[in-house]
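Have a look at the structure below before the remarks.
The values are calculated or read from the model by the stated rules, or taken from the named source; none is laboratory data. Computed from a prediction, not measured in an experiment: that's the story for all the values here. Counting neighbours? That spans all protein chains shown, and the Cβs are built from the backbone with ideal geometry, glycine included. SASA here: full protein model, heavy atoms, side chains in, ligands and nucleic acids out. Shrake-Rupley method; radii C 1.70, N 1.55, O 1.52, S 1.80 Å.
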Amino acid sequence: MLTLHRFLLKTNSHKVKLFKKKYKFNRESLQYEEVKFSFKKFLVKMIPYTISSLVFGALIMFLYIVVFESPEEKVLRAENEYLEKNLEEMNRRLEQSDSLLDEMAKRDNYIYRTLFEQDTIPCTIRNAGIGGSDRYAKYDGFETSDLVKGIAKKLDRLESKMNVQNISYNTIIDEIRHRETVSSSLPIFQPIRPGDLTSIGSYFGYRMHPVLHILRMHTGIDMNAAPGTPVYASGDGVVITADDHNSGYGNMIEIDHKVDGLSSRYAHLSKILVKRGQFVKRGELIGKVGSTGMSTGPHLHYEVLIDGKQVNPLRYMVASTADEYRAMIEAANYTGVSFD
Ligand SMILES: [Zn+2]
């Protein structure tokens, strides 16, 4: 009791010191004894508190992450939804473009290519894919990977189909250009204007020769006209002869039309207005009517040849009216004497 009394006295006089020190009651000595501070013991004592604090903290963090989102996460989630939605829409639009391209391919195969006598392009070539699954492996690893992969595949297919379509159109354009060349090259134009033409002296076929007086093949049409009447090219082509042929033809022009082996000849000219190697257009002035060579009067002896062999020029010549054509055909049957 005395000790306690002394202790209380001591406590009052050393109040500050009392809070820094710890005392423990010893039942044996019945005295309060000072407890010495041990850092090791303190650490051991603190471990459970630390662990429980950490666990509690982690639990709070987990709940926060699961239940609440940070503003950045909210923005990212919204952006993800936006991207996915738009990718899906693009995917649908690509499917529509693909079917449109298929329609175009059908039209190309069965209308355009058929019209221009081109073989149809088989579906296997039109729809040929771009090989290798590795090509799309770079898109792997995300939730939207399949969607992105699908879009990439569709784009590749579209690109491939469009390339085939482009090649097909180029072939058709080439064919159209070729046909334009063919049609402008064919010797269908009358070398003497109908107004300048006096008459047809002789057509293609067997005729009595005016000089030799024997029945022989007349290899062209004799078109009677005044001397100096303009003579025009019957179709586009290159002049391969433009001189005095040193034969019955006199001054003669021959044009190679570069189509189906066709050429045309203009004989007995008084004047040659083109040179060898010159390119001439249909309807271009090339010479003047004369009576050079083996001829009995001013006229144009006009021939059309296939691979160097004379054919009836009427096969190609276009009459400006139906009556004119009928007259040409009727006159063709007349057996008279040619001017040659
Ligand atoms: Zn003739």
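Is one or more of the residues making up region 223-236 on the phi > 0 side of the Ramachandran plot and assigned by TED's automatic domain parsing to the domain that holds Leu300?
Among the residues of region 223-236, at least one is on the phi > 0 side of the Ramachandran plot and assigned by TED's automatic domain parsing to the domain that holds Leu300, which makes the answer yes.
Output the residues belonging to region 293-310 that are β-branched (Val, Ile, Thr) and at pLDDT 95 or above.
Within region 293-310, Val304, Ile306 meet the criteria.
Of the conditions (1) part of a helix (DSSP H, G or I); (2) closer than 17 Å to Tyr203 by Cα; (3) of a type outside the set (Gly, Ala, Ser), Asp323 satisfies every one except a single condition; which number is it?
(2)
Are any residues in region 98-130 over 20 Å from Asp174 (Cα atoms), of a type in the set (A, V, I, L, M, F, W, C) and open to solvent by less than 60 Å² (accessible area, probe 1.4 Å), and if so, which ones?
Leu101, Ala128
Just to confirm my filter: which strands (runs of 3 or more DSSP E) fall fully inside region 256-313 and include at least 1 residues that are under 42 Å from the mean Cα position of the chain (by Cα) and within 16 Å of the ligand (Cβ to nearest atom)?
In region 256-313, the matching strands (runs of 3 or more DSSP E) lie at 262-269, 299-306.
Among the numbered conditions (1) touching a Gly at 6+ places or on another chain (Cβ under 9 Å); (2) more than 30 Å from Pro313 (Cβ to Cβ), tell me where Ser185 comes up short.
Exception for Ser185: condition (2).
What are the residue pairs meeting all of these: first residue in region 137-154, first residue within 19 Å of Arg77 (Cα to Cα), second residue in a helix (DSSP H, G or I) and of a type in the set (Ser, Thr, Tyr), Cβ atoms under 6 Å, and 6 or more apart or on different chains?
Hits for this filter: Ser145/Tyr139; Val148/Tyr139.
Enumerate the pairs (first residue in region 162-181 and within 23 Å of Ser97 (Cβ to Cβ); second residue anywhere and among the β-branched types (Val, Ile, Thr) and in a helix (DSSP H, G or I)) with beta-carbon separation below 8 Å, excluding pairs fewer than 6 apart on the same chain, so at least 6 apart or on different chains.
Short answer, once both residue conditions are applied: Val164/Ile125.
Please determine whether any residue of region 167-187 is closer than 30 Å to His301 by Cβ, within 16 Å of the ligand (Cβ to nearest atom) and out of contact with any strand residue (DSSP E or B) (no Cβ under 8 Å at 6 or more places or on another chain).
No, the conditions are met nowhere in region 167-187.
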